[in-house]
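Have a look at the structure below, then the notes.
The values are calculated or read from the model by the stated rules, or taken from the named source; none is laboratory data. Everything numeric here is computed off the predicted structure, so don't read it as measured data. We place every Cβ from the backbone using ideal geometry, glycine too, and count neighbours over all the protein chains shown.
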Amino acid sequence: MSRTCLVTGANRGIGLEVARQLAAAGDTVILTARDLGKAQEAAKGIRGDVVPVWLDVSDAESVAGLSLDRLDVLVNNAAIHYDTWQRAAGADLRVVREALETNVLGAWQLTQAMLPLLRASGHARVVNVSSEAGSLASMGAGTPAYAMSKAALNALTRMLAAELRGDRILVNSVCPGWVATDMGGPGGRPVAEGAASVLWAVNLPDNGPTGGFFRDGRPLPW
């Protein structure tokens, strides 16, 4: 059965590839970006039912203005500030706040806004695109804004999964790995491989895991 899927930050990189593959599978894709023109341009390159929409997940008014009739899948992919130039001891906290606003609070407020539709789906999936950089088990120096925000996103995944289990909404965090995107830079795995991890969580059966952290369908340490 065709689903309605919303993908944030979908005008490029992993988000764009996830949107492309969902549309190819016959799903309706709400392709969002902070720049409507970029969303429209991205949508032109995808075959299938794709609706480009302006959405800034860090802007409460933008989120509140999002009007949908149905939603089965929410992919919280939008993220900013892979701050390789910083260390926690001397980090610019303005950068950290901006990362938290988009990478955590943006995903949080969008999920809250979409909950009535997700609950009505009866088999909804929420996929938070995280990173092993947010794993406390392996965390070290560097990228403080990005790593902190992804660790917090993982915490949000755990809480939402526990609270929404009774609504048959599966909520998982996914690390796509180091992917050759504008954010990841050259040398990483192909975008399609990173997107495959996200799609694995999108396509989980109703009895699939929830509240987990995965890459390539395998658990990662928190």
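For segment 128-182, a residue qualifies if it is farther than 24 Å from Arg87 by Cβ and hydroxyl-bearing (Ser, Thr, Tyr), and the qualifying residues are Thr157, Ser173.
Results for (1) surrounded by fewer than 23 Cβ atoms within 10 Å (Cβ to Cβ); (2) modelled with pLDDT of 95 or more; (3) touching an Asp or Glu at 6+ places or on another chain (Cβ under 7 Å), shown as yes or no for each residue.
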position	(1), (2), (3)
Ala124	yes, yes, yes
Val127	no, yes, no
Ala162	yes, yes, no
Arg165	yes, yes, no
Leu170	no, yes, no
Ser173	no, yes, no
Trp178	yes, no, no
Asp182	yes, no, no
Leu220	yes, yes, yes
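Considering only residues that are of a type outside the set (Ser, Thr, Tyr) and farther than 20 Å from His123 by Cα, look in segment 64-76 and name the one that is surrounded by the fewest Cβ atoms within 10 Å (Cβ to Cβ). Across segment 64-76, the extreme among qualifying residues is Ala64. Contact annotation: residue pairs with Cβ atoms under 8 Å, 6 or more positions apart or on different chains, pairing a residue in segment 189-200 that is among the hydrophobic types (A, V, I, L, M, F, W, C) with a partner that is in a loop (DSSP other than H, G, I, E, B), are Val191/Ala180; Val191/Thr181; Ala195/Pro176; Ala196/Asp216; Val198/Asn77; Val198/Pro176; Trp200/Asp216; Trp200/Gly217.
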